[in-house]
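> Provided herewith is a single structure, encoded as structure tokens, for subsequent inquiry.
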Amino acid sequence: MSPQLPSFNRGIWADLESWVRDQAELHNTVYVVTGAVFVNSLGTLGSNEVTIPGYFYKALLRFDGTKAKTIGFLLPHVGATGRIEDYVVPVNTLETLTGLDFYPELSNSVENRVESQYALRKWGF
């Protein structure tokens with residue numbers, strides 16, 4: 001759980017979450033990793049001083065038969081408006097920012113290929 005500004009949570013983030021649900025229904029199985037990036041954080045909240053993230057992300061993986069497809073989204077907590085496809089990034093970008101390996105079960109050759117690119121058309125944009 002991470003604090004989000006109401007305008008972000010009810011705006012473009014809600015649009016992205018709705019789109020992800022649609023993808024899960026369309027493709028049966030979609031693996032989703034969601035989190036915060038603590039760059040340009042917005043201060044802290046409450047007596048526990050919970051950091052308010054500067055960015056939020058989602059990384060998605062699906063398979064079309066045996067072919068893996070990935071897409072990432074990186075949204076600034078403040079100022080993210082417009083269309084969700086304006087915030088698409090390769091999953092590798094998210095992994096670099098977070099220091100995490102989202103899909104380690106993929107073979108290295110597949111992981112390196114699919115996480116370094118995205119095809120908007122293959123995701124319905």
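The values are calculated or read from the model by the stated rules, or taken from the named source; none is laboratory data. As the structure is a prediction and not an experimental result, all values here were calculated from the model. For neighbour counting, all protein chains shown are included, and Cβ atoms are generated from backbone atoms with ideal geometry for every residue, glycine included.
> Looking only at segment 59-87, which residues are closer than 21 Å to Ser2 by Cα and of a type outside the set (Ser, Thr, Tyr)?
Answer for segment 59-87, where residues must be closer than 21 Å to Ser2 by Cα and of a type outside the set (Ser, Thr, Tyr): Ala59, Leu60, Gly72, Phe73, Leu74, Leu75, Pro76, His77, Val78, Gly79, Ala80, Ile84.
> Taking segment 47-84 as the region of interest, how many residues are crowded, with 20+ Cβ neighbours inside 10 Å and among the charged types (D, E, K, R)?
Count: 2.
Every residue, every condition in (1) modelled with pLDDT of 95 or more; (2) on the phi > 0 side of the Ramachandran plot; (3) among the aliphatic types (A, V, I, L, M), yes or no:
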residue	(1), (2), (3)
His77	yes, no, no
Ile84	yes, no, yes
Pro90	yes, no, no
Gly124	no, yes, no
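> OK, next. For segment 1-111, which fully contained helices (runs of 4 or more DSSP H) count at least 2 residues that are within 23 Å of Lys122 (Cα to Cα) and among the β-branched types (Val, Ile, Thr)?
12-27, 91-98
> Within segment 81-105, track down each residue that is touching a Leu at 6+ places or on another chain (Cβ under 8 Å) and charged (D, E, K, R).
Glu85
> Across segment 9-38, what is the number of residues that are among the aromatic types (Phe, Trp, Tyr) and over 11 Å from Phe56 (Cβ atoms)?
2
> Another one. Mind listing whichever residues of segment 85-116 are surrounded by 11 or more Cβ atoms within 10 Å (Cβ to Cβ), closer than 19 Å to Val30 by Cα and among the acidic types (Asp, Glu)?
Of everything in segment 85-116, those that are surrounded by 11 or more Cβ atoms within 10 Å (Cβ to Cβ), closer than 19 Å to Val30 by Cα and among the acidic types (Asp, Glu) turn out to be Glu85, Glu95, Asp101, Glu111, Glu115.
> Please enumerate the residues belonging to segment 69-102 that are over 14 Å from Tyr57 (Cβ atoms) and polar (S, T, N, Q).
Within segment 69-102, Thr81 is the sole residue that qualifies.
> Please find, within segment 33-46, the residue that is nearest to Pro104 (Cα to Cα) out of those that are polar (S, T, N, Q) and surrounded by 14 or more Cβ atoms within 10 Å (Cβ to Cβ).
Checking each candidate, the answer is Thr34.
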